[in-house]
Each structure stands twice: as C-alpha cells, then as structure tokens.
1. Please give the residues of region 43-64, grouped as numeric ranges, whose backbone N is less than 18 Å from a label point set 7 Å along the Cα-to-Cβ vector of residue 92.
2. Taking the number of other C-beta atoms within 10 Å as the exposure measure, put 126, 108 in order starting with the fewest.
3. Can you give the FRET efficiency to the nearest 0.05 for residue 4 and residue 125, using r as the Cβ-Cβ distance and R₀ = 30 Å?
4. For region 39-79, take the convex hull of the Cα atoms, compute a quarter of its surface area, and give me that in nm², please.
5. Quick one: order 109, 124, 43, 92 by neighbouring beta-carbon count within 10 Å, fewest to most.
C-alpha cells in the first residue's frame, strides 16, 4: 500500500498522505453486496490517499475484494468538497472524467493542501500533466481490479456466520 519511488513521475513528491477508503459501486465490478455491509450500493476499499505536487493517488491495501492504484491529475480536478454526513467524514472529488468519494479524516487540512498544490502548478506543468496519461500510463495506475480470491474468502465467511 505504500507508494514506491517507481510509482512517481520525475520531480513528483508526496506532500500529504492519509489512510482512506475509496468508495466504489460494487455492481460496476460485477460483485454482489457483502451481507453485513452498512452501505447500500457501495463498498469501501481500504488504502491510502496521497497528495503529491501533481496528483491525488489512491493505493489500496491487499485485504479488499477490489484492489489497485489510480490517479487523479490535479489539472483535471474541477472541485473538491467536504461531503461528510453525520459521523462519516468524506470528500468528493469531481474531475473532468469522474466523481470520486473518499472516506478520510483530517478533511480541512486535506482540502487546503489539495488547493495549495493545485494552485502552485505552473502553466508548463499543467500542459505536461494533461498529456502524461499517454506517455506514462503505467505510473498513473491500472485502476482498481477485482480480486477473486478475496471474494471467495468473503463468501466462505458469510456462510460461516
């Protein structure tokens, strides 16, 4: 779950990290709801959310039915907001392509840091980042993928309990 140097672009550095859950729609991954889940149509994928000087990176830990890594490039972010409800602390990130929701603590500092690094991007960095997906797709992450073995373990555990 820890980022490695090879996960980062040249000149990229991590400026903040937080334990986080990325919320996904389990039906999009062809999975069924876990019996004792408190979420209706979503599943919380545990991992870490990293803020770098170029992007947000979510990297899951290995104890998930879905795991992997993905990036949200800072120039593609249209807005980030506190989407907390009662005791569930979460942020919503709207990019050009998608809406992402992360359950995470320390929201005020996180939002401030995202805005700070985004506003510090030079025009050249923005142009470079707009084109980076084609030239260095591997470092952007493969996205989240189903982990079938973990699904089988969850099914066995549900039968036992």
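Derivation of every value follows stated rules applied to the coordinates shown; laboratory data play no part. The shown structure was predicted, so the numbers you read here are calculated from the model rather than taken from an experiment. Please note: Cβ atoms are built from the backbone with ideal geometry, for glycine as well, and neighbour counts cover all protein chains shown.
1. Within reach of a label on residue 92, which here means backbone N under 18 Å from a point 7 Å along Cα→Cβ, region 43-64 contributes 43-44.
2. Values: 126 15, 108 8.
Lowest count first: 108, 126.
3. Efficiency, rounded to the nearest 0.05: 0.85.
4. Details: hull surface 15.1 nm².
Average of the hull's projected areas for region 39-79 equals 3.8 nm².
5. Result, fewest neighbours first: 124, 109, 92, 43.
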